[in-house]
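The values are calculated or read from the model by the stated rules, or taken from the named source; none is laboratory data. Source: prediction; values computed, not measured. With ideal geometry, Cβ positions are generated from the backbone for all residues, glycine too; neighbour counts draw on all protein chains shown. These accessible areas exclude ligands, DNA and RNA; they are computed on the full protein's heavy atoms, side chains included. Shrake-Rupley method; radii C 1.70, N 1.55, O 1.52, S 1.80 Å.
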Amino acid sequence: AVRSGWISSGGEYLKRFEDGFAAYVGVGHGIGTTSGTTALHLALAALGVGPGDEVIIPDFTMIASAFAVCYCGAMPVFVDADPDTWNMDVAQVAARIGPRTKAIMAVHIYGHPTDMDPLLALAKARGIPVLEDAAEAHGAEYKGRRCGSIGDLAAFSFYANKAITTGEGGMVVTSDAALAEECRSLR
């Protein structure tokens, strides 16, 4: 990649990484970003999250999850962590949904998957998209499905302390072609 002169947002190596990582996760599209935080921000923007909106997130997470919501002009709405898993207590999510709820962000904390089936059922019933913050969940599975392939889209981080690293970097993944195109356009 260095010898080719393409070490930024162009060239064959980024496309190969996006395609390969998307295939590894089990989705159709990967959109590379500069960090996991920018991947979250890009995913939220692609969902149309903006000023006055609310996004439900767990209260036990990296601050980047909340910052990405704020970068869109929206407000994070916090849900307590389940004391057994440290992930979002899915049983508390319904009570936090309001008329301004635009998305739900499930964070797979420390690579341990959130209980996605009841969360997806609730989100589908309410017409709310689910974004997986899979920054720490490279290769983790929930009931035989790779984290990052379960919600409407997902954000990964490749920071130096992650299971797969590029030093910096992130990626949005999705099987939704329209969301992928919106991500590429906004990127």
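A few remarks follow.
- Long-range neighbours under 6 Å by Cβ, at least six apart or interchain, first residue hydroxyl-bearing (Ser, Thr, Tyr) within segment 110-138, second surrounded by 17 or more Cβ atoms within 10 Å (Cβ to Cβ): TYR110/GLU136; THR114/ASN87; THR114/MET88; THR114/ALA106; THR114/HIS108
- Residue satisfying condition, being surrounded by fewer than 20 Cβ atoms within 10 Å (Cβ to Cβ), more than 23 Å from THR37 (Cβ to Cβ), in contact with an Asp or Glu (Cβ under 9 Å, 6 or more places away or on another chain) and among the small types (Gly, Ala, Ser), within set GLY98, GLY127, GLY144: GLY98
- Flag for TYR159 being out of contact with any strand residue (DSSP E or B) (no Cβ under 9 Å at 6 or more places or on another chain) and either within 19 Å of PHE17 (Cα to Cα) or open to solvent by less than 70 Å² (accessible area, probe 1.4 Å) (or both): no
- When restricted to residues that are touching a strand residue (DSSP E or B) at 6+ places or on another chain (Cβ under 9 Å), open to solvent by less than 70 Å² (accessible area, probe 1.4 Å) and either part of a helix (DSSP H, G or I) or not acidic (Asp, Glu) (or both), segment 82-95 contains 5.
Residue-wise test of (1) touching a Ser or Thr at 6+ places or on another chain (Cβ under 9 Å); (2) in contact (Cβ under 8 Å) with a residue 60 or more places away in the chain; (3) on the phi > 0 side of the Ramachandran plot; (4) not aliphatic (A, V, I, L, M).
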{"position": "VAL25", "(1), (2), (3), (4)": "yes, yes, no, no"}
{"position": "GLY32", "(1), (2), (3), (4)": "yes, yes, no, yes"}
{"position": "THR38", "(1), (2), (3), (4)": "no, yes, no, yes"}
{"position": "ALA45", "(1), (2), (3), (4)": "no, yes, no, no"}
{"position": "ASP53", "(1), (2), (3), (4)": "yes, no, no, yes"}
{"position": "PHE67", "(1), (2), (3), (4)": "yes, no, no, yes"}
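- Matching residues in segment 173-187 - criterion: being open to solvent by less than 70 Å² (accessible area, probe 1.4 Å) and part of a helix (DSSP H, G or I): ALA177, LEU179, ALA180, CYS183
- Given (1) open to solvent by less than 40 Å² (accessible area, probe 1.4 Å); (2) part of a loop (DSSP other than H, G, I, E, B); (3) of a type in the set (Phe, Trp, Tyr), number of the condition PHE21 does not satisfy: (2)
Residue-by-condition table, conditions (1) out of contact with any helix residue (DSSP H, G or I) (no Cβ under 8 Å at 6 or more places or on another chain); (2) among the basic types (Lys, Arg); (3) part of a helix (DSSP H, G or I):
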residue: ALA103; (1), (2), (3): no, no, no
residue: PRO113; (1), (2), (3): yes, no, no
residue: PRO118; (1), (2), (3): no, no, yes
residue: ALA121; (1), (2), (3): yes, no, yes
residue: LYS124; (1), (2), (3): yes, yes, yes
residue: HIS138; (1), (2), (3): no, no, no
residue: GLY148; (1), (2), (3): no, no, no
residue: ALA154; (1), (2), (3): no, no, no
residue: MET171; (1), (2), (3): no, no, no
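- Within segment 50-81, being in contact with a Pro (Cβ under 9 Å, 6 or more places away or on another chain), in a loop (DSSP other than H, G, I, E, B) and surrounded by 18 or more Cβ atoms within 10 Å (Cβ to Cβ) holds for CYS72, ALA74.
- Pairs are defined by a Cβ separation below 8 Å, a sequence spacing of at least 6 or placement on different chains, a first member in segment 149-168 that is touching a residue at least 40 places away in the same chain (Cβ under 8 Å), and a second member that is among the charged types (D, E, K, R) and in a strand (DSSP E or B); the pairs so defined are GLY151/GLU132; LEU153/GLU132; ALA154/GLU132; ALA154/ASP133; ALA155/GLU132; ALA155/ASP133.
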